[in-house]
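What follows is a short report on a single structure.
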Amino acid sequence: MFDQMVLGIIGINVILTVLLIYVYFRNHQLVKSKMTLGMLFFALAFLIENALSLFFYNSLLMQGITYITTFNLVVKFFEMIGLLVLLYVTWE
């Protein structure tokens, strides 16, 4: 059960990161500042991290390795909270 929760949270993190990339890209087209470009690259790196996390965590589950589920659930949950706050502040 926790395994599917972790995969779901990672999927949500990917979606939130794609939304951030959209906002930062749009802002960079309007403002053209180093800050917006830096935030765009930050979000792209975060997207790569989440995509790799989704791939590797799913690979571990397919091999029957589930002892990292609780730790990963807590880490990815707080990551999701941080992304939600960042997206809310950015969208305003």
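A compact table of results
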{"read-out": "The chain: chymotrypsin sites (Phe, Trp or Tyr not before Pro) in DSSP loop, at most 16 other beta carbons within 10 Å", "value": "Y67"}
{"read-out": "For the chain, alpha-carbon Rg over 2.2 N^0.38 Å", "value": "1.21"}
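Rule-based calculations on the coordinates, nothing more; no lab input. In this text, all values refer to a predicted model and were calculated from it rather than measured experimentally. No Cβ is skipped: glycine too gets one built from the backbone with ideal geometry, and neighbour counts run over all protein chains shown.
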